[in-house]
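The values are calculated or read from the model by the stated rules, or taken from the named source; none is laboratory data. Bear in mind the structure is a predicted one, so any value in this text is a computation, not a measurement. We place every Cβ from the backbone using ideal geometry, glycine too, and count neighbours over all the protein chains shown. All accessible areas refer to the heavy atoms of the entire protein, side chains included, with ligands and DNA or RNA removed. Shrake-Rupley method; radii C 1.70, N 1.55, O 1.52, S 1.80 Å.
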Amino acid sequence: MMRIVSVLLLWVIALGSLHAYMKSIEPPLSRTVALSGATGGAVAPAQEGAAESSPEYAAAGGYSIEATATCEVEPDPFALATDGSEAPAALRVQEGDRKILTITGGVEPGAPVLAGLGPDWGDREREFFAEANMPLDFAGRSCALRLRLLRDSAPLTEETLWTDGGNRIAGTFRVSPVEAGAETGERAPRHE
Amino acid sequence: MTRRFLAFLFLPLLILPILLLPLLPVSDASAQGPAAPRESSKKPVVVCSTTQVADFARQVVGGRWTVKCILAPGADPHTYTPTPGDGEMVRSADLCLENGLHLEGNDWMGKIVHDAGKPLAVCAEGVPALQMAFGGEKILDPHAWFSPRNAAIYVNNVVKAISRADPSGRGEYEARARLYLQMLRTLDAWIREQVNRIPPDRRVLVTSHDAFNYFCHEYKFNPTNGFMSLAPVGWSTGSEVGAGMTPERRAEVTESIRRFGAAAVFVETSVNPKLIREIAQEAGVRVGGALYSDSMGEAGSAGETYIGMMRENIVTIMEGLLSGGDAK
C-alpha cells in the first residue's frame, strides 16, 4: 500500500515540477488575445487568455494569423467612425471588406494577437491589410508590426511592417497557396 | 396593302425609343438621391458658420455639394453680427454646420438657422472640451480645432451630417474623409516633430486672445501655465463671461512674458494687433508674427485651408521662438 502511495506521490511531484518549469519558461510577452468567431470574420470582443486554452482554429486544425506590435497600440484618434457602431481600432487586420481581427483596446508591446481563419483557407492567393496605431507621442519613433500566418499554431510565413514617420503602421501582407501549404503540403519558411 | 399595314403596325416601335430617350436621364437622376452630382445650380447647399468648418465640409463633399461660408476669412466669430444676406444664404441651404461650444457669439448661427427652419449640425460635438474657470463660472473652450485629433472629430461629425442628408453618397464621403483623416494624422506627426526642436523651457506661446488652449495642451506649450494659453484677452473677443481684456490679465501676461522668458509674442489675423504690440513693447520682446486663430486665410493664401493654416502657424511659431530667442 505504502509503495503505491509513494509511486503516486513521485508522479505528482514529477508532473508538478514539469508544469511549474513549463510555466516559468513561458515568455511574459506571449500573453495572447484570442478572438472568437474564428471562421466567419465577424469581430468579437477580445478575450485574454493563454494561447492554447481557447483558440477555436487550433481545434479545427486550421489557419490563423498572428499580429505582434513592438510598441504599445491604442485606439486611433484619426479613424472614421461615423455610425457610432464601430469603435476606433488600435489594431486591425482585414481581407477586403472582411474583418479578420479588430482590437479596440490597448495591447502591450510584444503581445501577440491571434485570429482564426478557418480550416479551408489556403486555397488561393490572399492579401491582408493590417494597421496598428501607436500613441500620438510615438510619432517619429520606429515601431514594427509582425504578421505571421500559422497552421495548427506552427508558423508558415511572416511579414514585418514598419512605421513611416507617423504614429501608424499600415500595409499589406500577401500569402500564396504555396506558402500556405495548400498546393504542395510544404511549409514555406518565410514570406518573400 | 399588307406592306402598308405592316409598316403602320411597326411604326410605333420605331418612334417609341425616340420619344422615351429624353426621359431616361430624368429617371436615372431621381434614383440617385437629392445630392447626386448634377448641374451645379441644382447641387445641394451646405452653409457653414466658420472658415474651418467650411474647409472640413469641402474636404468631405468634393463636388457633390456647394459649400458656402458665412464668415469671410479674417472675420471674428465671437463678435459677428449676421446680415440679411446671411439669412438669405441659410434659407437656400439643405444643411447648416456650425462649430458650437459658443464660438458663434450670442448663438448667431443657431438663431438664423432656427429662423430659416433648416437642419443644423454641431461639428465640435463629442470633443473632449477644455474647461476654463472665470469668476466661479466654468466655460468650455470653443477653439477645439487647434488639436488635429479634435479636427478629426469635426470631420467625423461632418461625414455623419452629410451622409444623413444624402445617404446615396455615403461611400464617397467616407472615402474622402478617410484620406483627409490620414492627412490630419500626418499634420499632427509633423507638428510634434517641429515642436520637438524647441527646448521645453522655451515653449512659451503668448497670443492676442485665449484661442490656443488646445494647441498648448496638445503640444506642451506654456508648462508653467498648466499647458494653457497665455493671452491678455480671454477666450472670446466679445463680451461674454470670461471674455475680453482686463487690466489684471494684461499685467499678468506682461509679467509672465518677463518671468518665463518668452522669446516673442504673436498677433492673430482675426484680432486687432494693437494690444499685443503694446504688451510686447512693455515686456521688451518682439512680435513674432501673425497666427491664424479664429479664421483661416484668404483664398489663394498659404492659410486658406485648415492644414495650410496649421502649417503656417507652426512655421511662424518656430521662426518666432527659435530665432527670436537667439536675437534676445
Practice prompt. For segment A:106-118, enumerate the residues that are at pLDDT below 85 and outside any strand (DSSP E or B).
Written response: A:106
Item to complete: Report, by residue number, each residue of segment B:161-204 that is touching a Pro at 6+ places or on another chain (Cβ under 7 Å), crowded, with 21+ Cβ neighbours inside 10 Å and in a helix (DSSP H, G or I).
Response: B:184, B:188
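Here's the yes/no breakdown for (1) without any contact (Cβ under 8 Å) to a residue 60 or more places away in the chain; (2) under 22 Å from residue A:170 (Cβ atoms); (3) out of contact with any Phe, Trp or Tyr (no Cβ under 8 Å at 6 or more places or on another chain); (4) more than 9 Å from chain A (Cβ to nearest Cβ):
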position: B:154; (1), (2), (3), (4): no, no, no, yes
position: B:160; (1), (2), (3), (4): yes, no, yes, no
position: B:167; (1), (2), (3), (4): no, no, yes, yes
position: B:172; (1), (2), (3), (4): no, yes, yes, yes
position: B:175; (1), (2), (3), (4): yes, yes, yes, yes
position: B:182; (1), (2), (3), (4): yes, yes, no, no
Fill in: When residues of segment B:139-151 are limited to those that are surrounded by 24 or more Cβ atoms within 10 Å (Cβ to Cβ) and aliphatic (A, V, I, L, M), the one nearest to the other protein chains (Cβ to nearest Cβ)
B:151
Worksheet, complete the sentence: Of the residues in segment B:290-300 that are touching a residue at least 12 places away in the same chain (Cβ under 8 Å) and open to solvent by 20 Å² or more (accessible area, probe 1.4 Å), the one that is farthest from the chain's Cα centre (by Cα) is B:290
Practice prompt. State whether the residues of segment B:247-265 include one that is under 28 Å from the mean Cα position of the chain (by Cα) and at pLDDT 85 or above.
Written response: yes
